[in-house]
Structures are given as C-alpha cells and as structure tokens.
Amino acid sequence: MAYLVLAIAFIVSTALSAVAYFVLMTPYDPALIMLATLAGCISLTALGFSGVLERERQLKRNLQLNNEQQRLLLEHSSSALLLLDDQLNVEFLNTHHTSLRNIKADYSDDHSLIDIWQDHISEETRQHVRQAIAEKREWRGELCFRGSTKNEYLATTITPILNERGDLSRVAISADDITEHRATANRLFIREHYNILTGLPNRQFALRSLQSAINDIENAKHGFILLHIDLDKIRYINDSLGHQVVDSIFIETAERLQRSVRDDQVLAHLGADEFLIILDTENCIDEGEILAETILDRCRQAFYISHHEVIISASVGLCRFPADGGDSTLLMRRAEAAMFNAKEKGGDRFSFYEEGMSSKTELRLEMENQLRHAIARDEFKLHYQPVIHLESNTLRGVEVLLRWENAELNNPAPDQFIAVAENSGLIVDIGKWVLEQACKQVVAWSKAGLKPLSLAVNISAKQFISGDLLENVSYALSQSGLAASQLELEITESLLINDTPEIPDTFSQLKKLGVNLSLDDFGTGYASLSYLKRYPFDTLKIDRSFVHDIDSCEESVTLTNAIIAMGHSFNMTVIAEGVENLKQRRILRERHCDMVQGFLYSPPLPADQFIAWAKRYAEMQISQHV
C-alpha cells in the first residue's frame, strides 16, 4: 500500500509540475499558478511520508534481528539463565541448557523456585539465597544439586533487579556447570590430601587437622592426645617378601586401625609404615593407653597374604596437647620421638613423650646423615677378634667387626649406628665395603707370614636380600685373592623368619662358590630346628647371652650343652662367643664345643695390632710345647 501511495503522489506531482511549467510559459493566469503551488506541496508531503514508512520498516527489521540474536544467545549460552518475578516464580529459562535438568520448575504451581530446589539444595544454602534477595544484594556461590547417581555443581550468580522506586522487580540468575571442574578439583584434593594406597588422610591433611584441633577452644581448655604408630620389621619384610606383600599389610593395618577409632576421630596414614591418630578432649590419658594397647594387640595378629603368614608388631608414641607443645609440627615431632623411644626398647610397646626424647630423634637423623659420608671420609675402621680352636688351642680364624670414628657424634657404638644403617638401607654399601676390605686384609696377613685364617663377616638381612650379595662376594674374593673356603658369612635368625624361594637359592649359589655359612646368635630370636635341617649351615654360633653365666648358672650350662649337641648332630662346627674366663672355657671344652672367642683371648683389635697379637700368641703356643 505504501508503494502505491508513493507512486500516485509521484505521478500527480509530476503532472502538475508539467502543467505549471506550461502555464508559466504562457501569459499570466492566477489559477494556474495556484495549481502549480498545490502540486509542489503534495509532492513534498508524499516524499516525507515515504521516508517515515521506510524508517519504521528498518526499525522493525532491526528489532526482529535483535530478538533473534537474543533468542539464539539465550538458548545456546554456555550459562544457564533464568528470570524470576518478584515472587521468585520463573518467567524465563533457557531450558536447552543441560545444567537445568535437575531444576523442576512448574509454571502452574505457586511455589517459588527456591522452594522447588528444596529437594536438591541444602536448606542452609537456600537460606543464604533468600537473605541476599531480601537485602537486595547480589549472591555469588556454588550450588550443589544432589542427584540419584551423582551430584552436579553450578557456579551461580543471583542478581536482584529493582524498579525506579527501589523495590524488587525481578531476579536474574546466571549459572555455569562446573561439575567436571569440581570432580577434577576433588581428585586433585584427594591426591594431595589422602594416601592413595589406604585411602586415609595423609601427612599434610593430618597437620591441618592437628592445627584445627589446637585452635579449637575446647581443646585449648582440656587438651587432647596424639598417637604416632610405626610398624616394626617392615623394611625387612619388604626385602624378603616384596613391596606387594608390604602394601597389603598397610591396607589391612589401616582397616584394623579404623576399627579401633570412632568416626569423628582423625586417623591418618603419614606414609610408608607410619600412622597417626588424634584423640579429642573426651579421651583422657588412661583411654589413650587403652587405645595404644588395642593397636599393639591388633598389629600382633598374623597377616595372611599370598600364602605367607606374616607376624609383625608396632611401636606407638603418645604426646599430649598442650603439655608437650602448642604447635602442630612440634607435637608431631614429639609423638614421633616417643615412638622411637618405644622402638629402641625393642618395639611392640607404647611410650609417652618425656623431656629429652626429641634430642634422641634428632641424633638419629644426624647419625644417618653422617653415615652417608663415612666411607668417603675414611671414618670406618675394621677390628678383628680371634677365633680359637679349643682342642688344639690354636688360632683358626677371625671375626671382623666394624667401628666408626666420628668426632662430631663422639664415636658411636656399633649397637647405635648399625641399627640406623639397617633402617636407612645404608648397610648395603657399608657391608660391601667391609667384605672387600676384610678379604684384602686376611690375604695381606698371609703374605706377612700368618697361617691362612678363616674370616667371619656379618651379613644383614637387607644386605642378603637386596644387596646383590652373590655378586659382591664373588667380586671381593676375586679382587683380594682370598680362597672361598676361608670366607664364612654369618647370618642372623631374623633373615629366616619369613621363608622365601630366594633365600635357599642364594644359599645354594654361595655354597657352589665354596663359601661357608654360619647361623649367628642362635637361640636369641626365633630359633627353630627346621632352620638347621632346611639350610646348609656349616657353623652354629652360641650367643654370648648363654655363655656369660655358664660358670654360675646350671640352666645355662644345660642350654649350652643342648645347643652344642644339636649342632654336632647336623655335622656343624660350634663356636661359643663371649668367653671371658678360664672356667667358662673349661666348661665349653668339656661339652666338646669346637671353637671360642672372647676377651679371655683378646678384644677386637685393629689390623696392625692383631698381627702383632697373633705372632705373640703363636710364639706362646710354641714355647708351651718345647
């Protein structure tokens, strides 16, 4: 229609203009002049009207385009968008967004959206949202929609829209699905704060929980108890049976400990064989002791893993807040110090922290650090104790013993640093060094004129299992030139507790080399006649604890006599350690013990002093027979 009006106006105006021109070219006529003027006005009016129509059409096209763009943006937005009225009923939502599938808005219902969410969002969160809207302020937070199979999380912004009077008009809601991000964050949190193997909180989480307990007002008034648990013998079991068995022990231990504590008490796996328990203010010292005993009892129970029956124990250290410290790190150190005190007393017990225990723990750490450099600094020295044949009274061999000269630590005794070396794994390299140096020394004595001597070298369980012992022995023999028959490897009973196929196989290969095997400290630990039957031992050594009182205790004489008879029945040479007087020597000789060693003859001596002693002893024996 608009185009038709425009066309008519254009034709009329053109015709009138032509008439006006024709008239102007003729003699003056007023009527014609008026007609021409009217035609011009009509033409201008038509042109103006057509322009208005065109602008309206353009505005309509722009509006339609904007509406379409807004519709596309709303429906395909990465955010969930909602518009609520002042009663919080839904006016609009972009329902295509998957994050809204748990929002069951019913337009015909009078319930507000906040009420509709009640099955999915906690009451506390809904209260916060209501309060923010009532106060006409924006609310930002995370909404968790609880689903039947999994929870969904929306990062949400709720904005009140006010009219010109400042009253609530509408509420705009924008929400982004962060379910996957939250899942990733949860995985990272679990990885950072939980032990992957046992699923228990780790050391970092334990420190945070411990600091929270310290900050708690009730705890500050009444205090709480911290228990540090360390499993005994785990390093050895790892060497003999492997890490898979050890991992299974950790998992089952975690389950046993969980059964020992309440759900509201913190149980953490600090790593490796260490666990931590935080008892709350309701637990007194007596209850702490009871729990410690319960833990020890449950750790004593046998573990049945991969056809192995494994027996372990635990050492438990306890400290108290605030009596033993007011800082989380300090409390952890002191509970650990108490645990080490229990372990140093033999393990399988608990100990409360006492003043000075921390310094012992720090000493252990310093000792381990110094041990790492002892070989390079030439701090280790070898001492040799003679082994005497009782029947002939002649020198037959030596036992090599390790000494550590470290001025900073005041020359630690073997019973101090050997345990640290074994627990840290340093004993493997140290044992290799001892073996090589001792073999060289015995060969050097032979070249200096001494008769060939047997050499007894102690081998730790860790060195035997994971230290490439066969290769190290072969290397030491070939490098030194010592005959394999002169070397005797002393093995303690602890190695044989958990029998594995590798142990008899290694024994067999050592025997093929021609090396002798000795069962050391027999009867002090887990002695079993089956060891004598199962393994190819050449020598049985009676521990000094049986020998030191055989001159005054008839029971010790009976036990020693039984051990000698048992060894001989298996065609083994029997050596008694710790002989200190002639009466002990006489009793052992009467019971047909083969060899002895002890302070009666000589304490362990450095190499140069030993050769001097050996020459004097040989001269003395010759003079007695002249």
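The values are calculated or read from the model by the stated rules, or taken from the named source; none is laboratory data. Not measured: the values here are computed from a predicted model. Note that each Cβ is placed from the backbone with ideal geometry, even for glycine, and that neighbours are counted across all protein chains shown. Protein only, heavy atoms only, side chains kept; ligands, DNA and RNA dropped before computing areas. Shrake-Rupley method; radii C 1.70, N 1.55, O 1.52, S 1.80 Å.
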Spin-label pair E192/R130, simplified geometry with 7 Å Cα→Cβ offset, distance in nm: 3.5
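Charges only on Cβ, +1 for Lys and Arg, -1 for Asp and Glu: so what's the dipole of the range 341-443 about the Cα centre, in debye to the nearest 20? Intermediate values should be presented prior to the final figure.
Values: 12 positive and 17 negative charges, 54 e Å.
With only Lys, Arg, Asp and Glu charged at Cβ, the dipole is about 260 debye.
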Among N423, Q486, Q370 the positive-end extreme of the charge dipole of the range 370-494 (Cβ point charges): Q486
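Share of the range 529-588's accessible area from carbon and sulfur, percent, 1.4 Å? Intermediate results must be reported in sequence, preceding the final value.
Details: 1510 of 2840 Å².
Looking at the range 529-588 in its full context, I get 53 percent from C and S.
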Estimated inter-spin distance, K447 and R208, nm [label 7 Å along Cα→Cβ]: 6.4
Among N410, V434, P386 the positive-end extreme of the charge dipole of the range 375-434 (Cβ point charges): P386
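Report the far tail of the P(r) of the range 311-460, meaning the percent of Cα-Cα pairs longer than 25 Å.
Numbers: 5308 of 11175 pairs.
Here the tail beyond 25 Å accounts for 47 percent of pairs.
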Prolate/oblate/rounded label for the range 372-470 (Cα gyration tensor, a/c 1.5): prolate
Dipole moment magnitude, nearest 20 debye, the range 238-386 about Cα centre, only Lys, Arg, Asp, Glu C-beta charged: 480
Selected from M595, M566, Y617, residue furthest toward positive end of dipole (the range 542-626; charges at beta carbon): Y617
Rough spin-label spacing in nm, given labels placed 7 Å along Cα→Cβ, for E362 and R544: 3.2
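Suppose every K and R has +1 on its Cβ and every D and E has -1 on its Cβ; what is the size of the dipole of the range 390-442 about the Cα centre, in Debye to the nearest 20? Mind dumping the intermediate values first?
Working: 4 positive and 8 negative charges, 38 e Å.
In total the dipole reaches around 180 debye.
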Bins of 10 Å, starting at 0 and running to the largest distance - Cα pair percent for the range 246-344: 14, 47, 31, 7, 1
Relative contact order for the range 155-292, counting Cα pairs under 8 Å that sit 6 or more residues apart, in percent: 25
3J(HN,Hα) from dihedral phi, the range 259-264, Karplus parametrisation 6.51/-1.76/1.60, rounded to Hz, x for glycine, proline: 6, 8, 10, 7, 5, 8
The range 420-443-the range 150-184 distance, computed between alpha-carbon centres (Å): 69
Amide H contacts under 5 Å for G397, placed H, 5+ residues apart: V387, S454
Surface per residue (accessible, 1.4 Å probe) for the range 576-626, Å²: 57
Cα centroid of the range 369-403 to Cα centroid of the range 220-262, whole Å: 37
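Pairs K447/K541; K233/K440; K233/K343; K381/K432; K451/K615; K381/K440: which are spaced more than 22 Å apart, C-alpha to C-alpha? Walk me through the intermediate numbers first.
Working: K447/K541 29 Å; K233/K440 33 Å; K233/K343 10 Å; K381/K432 14 Å; K451/K615 10 Å; K381/K440 14 Å.
Exceeds cut-off: K447/K541; K233/K440.
Hey, can you rank 539-545, 210-216, 574-580 by average C-beta count inside 10 Å, highest first? List each step's numbers first, then the result.
Details: 539-545: 21.6, 210-216: 16.1, 574-580: 23.4.
Ranked by mean Cβ neighbours within 10 Å, highest first: 574-580, 539-545, 210-216.
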Whole-angstrom gap from the range 272-351 to the range 582-605, using each part's C-alpha centre: 43
Per-residue SASA entry for S552, accessible area with 1.4 Å probe, Å² rounded to 10: 100
